[in-house]
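> Have a look at the structure that comes next, please.
The values are calculated or read from the model by the stated rules, or taken from the named source; none is laboratory data. All values reported here derive from a predicted model rather than from experimental measurement. In this analysis, Cβ positions are derived from the backbone assuming ideal geometry, glycine residues included, and neighbour counts consider all displayed protein chains. When the accessible area is computed, the model is the full protein with side chains, heavy atoms only, and any ligands, DNA or RNA have been set aside. Shrake-Rupley method; radii C 1.70, N 1.55, O 1.52, S 1.80 Å.
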Amino acid sequence: MVDIAHRVGIKAPSAQVYQALATPEGIAAWWAEDTTGDRHPGGTITARFTANGQEIGAMQMTLLQLQPNERVLWEFIDGPPEWIGTTARFALHQDGDYCIVLFSHEGWKERVEFMHHCSTKWAIFLMSLKSLLETGRGQPSPHDVKIDNWN
């Protein structure tokens, strides 16, 4: 198994970062504008990605762990085959004015080209999260940075 890992410092209280990761409204502001779902452990969230007004992919995840201001853990239950059964872990800790986010997308079965793409896109979306919390404006899909000729 292989994982994607990133670290980002966000100049915001961990409580605000947690809300952006643990609620459909928060996720819609930095990852995918078309996000709906629950906000309690065991609930599900669906994020739909679009380009030119067309859906190009969707992810559904279960909220496995929600520890306010400390940890959010998603398990992907629908989406690209490589993602099914993987988890996205967001570990948070406050360091002065910054909330440090240790992100990992865990459980990839093998290092495939799509994993490289996803690693770059996670970095872009984590910067969108940072921008959202520091400036009030993220860059969720469909406003994210495009990195290749995939839709």
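> Given the whole protein assembly as supplied and a 1.4 Å probe, what does the accessible area of LEU73 come to in Å², nearest 10?
Surface accessible to solvent at LEU73 totals approximately 10 Å².
> Further question: How many percent of the accessible area of the chain is carbon or sulfur, using a 1.4 Å probe?
Values: 3620 of 7580 Å².
Carbon-and-sulfur percentage of accessible area, whole number: 48.
> Using only DSSP helix segments of four residues or longer, with each worth -39500 (n - 2.57), what per-residue ellipticity at 222 nm results for the chain after dividing by its residue count and rounding to 500?
On the way: 3 runs with 37 residues, N = 151.
It comes out at -7500 deg cm²/dmol, rounded to the nearest 500.
> While we're here: Would you please state which residues of segment 51-66 a label at THR36 would reach in this model, taking the label point 7 Å out along Cα→Cβ and a backbone N cut-off of under 18 Å?
Under cut-off, by backbone N: 51, 53-63.
> Apply 1/(1 + (r/R0)^6) to the Cβ-Cβ distance of HIS116 and ILE56, taking R0 = 22 Å, and write down the FRET efficiency to the nearest 0.05.
Values: r = 18 Å, r/R0 = 0.83.
Efficiency at R0 = 22 Å is approximately 0.75.
> To continue, here is another question. Using the alpha carbon gyration tensor of segment 18-85, what are the three equivalent-ellipsoid semi-axes (square root of 5 times each eigenvalue), largest first, in whole Å? Please report the intermediate quantities before stating the final value.
Working: eigenvalues 83, 42, 14 Å².
Semi-axes, largest first: 20, 14, 8 Å.
> Report the label-to-label distance for TYR98 and GLN67 in nanometres (one decimal), using points 7 Å from each Cα along the Cα→Cβ vector.
2.2 nm
> At 1.4 Å probe radius, can you tell me the per residue accessible area of segment 13-151 in Å²?
Working: 6860 Å² over 139 residues.
Each residue of segment 13-151 exposes 49 Å² on average to a 1.4 Å probe.
> In addition: To the nearest 20 Debye, how big is the dipole of the chain about its Cα centre, given +1 on the beta carbon of each Lys and Arg and -1 on that of each Asp and Glu? All intermediate terms of the calculation are to be shown ahead of the outcome.
Numbers: 12 positive and 18 negative charges, 50 e Å.
Using only the charged Cβ atoms, the result is roughly 240 debye.
> Place a point 7 Å from Cα of HIS143 in the direction of its Cβ. Which residues in segment 40-71 have their backbone N less than 19 Å from it?
47-56
> When only DSSP loop residues count, what chymotrypsin sites (Phe, Trp or Tyr not before Pro) in segment 81-151 have their Cβ near at most 11 other Cβ atoms within 10 Å? Provide the component values of the computation, followed by the final result.
Details: sites: TRP83, PHE90, TYR98, PHE103, TRP108, PHE114, TRP122, PHE125, TRP150; in loops: TRP83, TRP150.
Qualifying residues, ordered by number: TRP150.
> Between SER128, SER119, SER141, where does the largest GNM mean-square fluctuation fall for the chain, given springs only between Cα atoms within less than 10 Å?
Answer for the Gaussian network model of the chain: SER119.
> Now for a different question. Given the protein chains as shown and a 1.4 Å probe, how many square angstrom of ASP144 are accessible, to the nearest 10?
In the full protein context, ASP144 sits at about 20 Å².
> Can you pull the one-decimal nm distance between simple spin-label points at ALA123 and LYS109, each 7 Å off the Cα toward Cβ?
Calculated label separation equals 2.7 nm.
> Hey, what's the Cα Rg ratio for segment 92-144 versus the globular rule of thumb, 2.2 N^0.38 Å?
Normalised Cα radius of gyration, segment 92-144: 1.34.
> List the lysines whose alpha-carbon lies under 28 Å from that of LYS11, not counting same-chain residues fewer than 8 positions away?
Straight-line reach from LYS11, under 28 Å: LYS121, LYS130, LYS146.
> Sticking with this structure for a sec: Report Rg (one decimal) and Dmax (nearest whole number) for the chain, counting Cα atoms only, units Å.
14.3, 42
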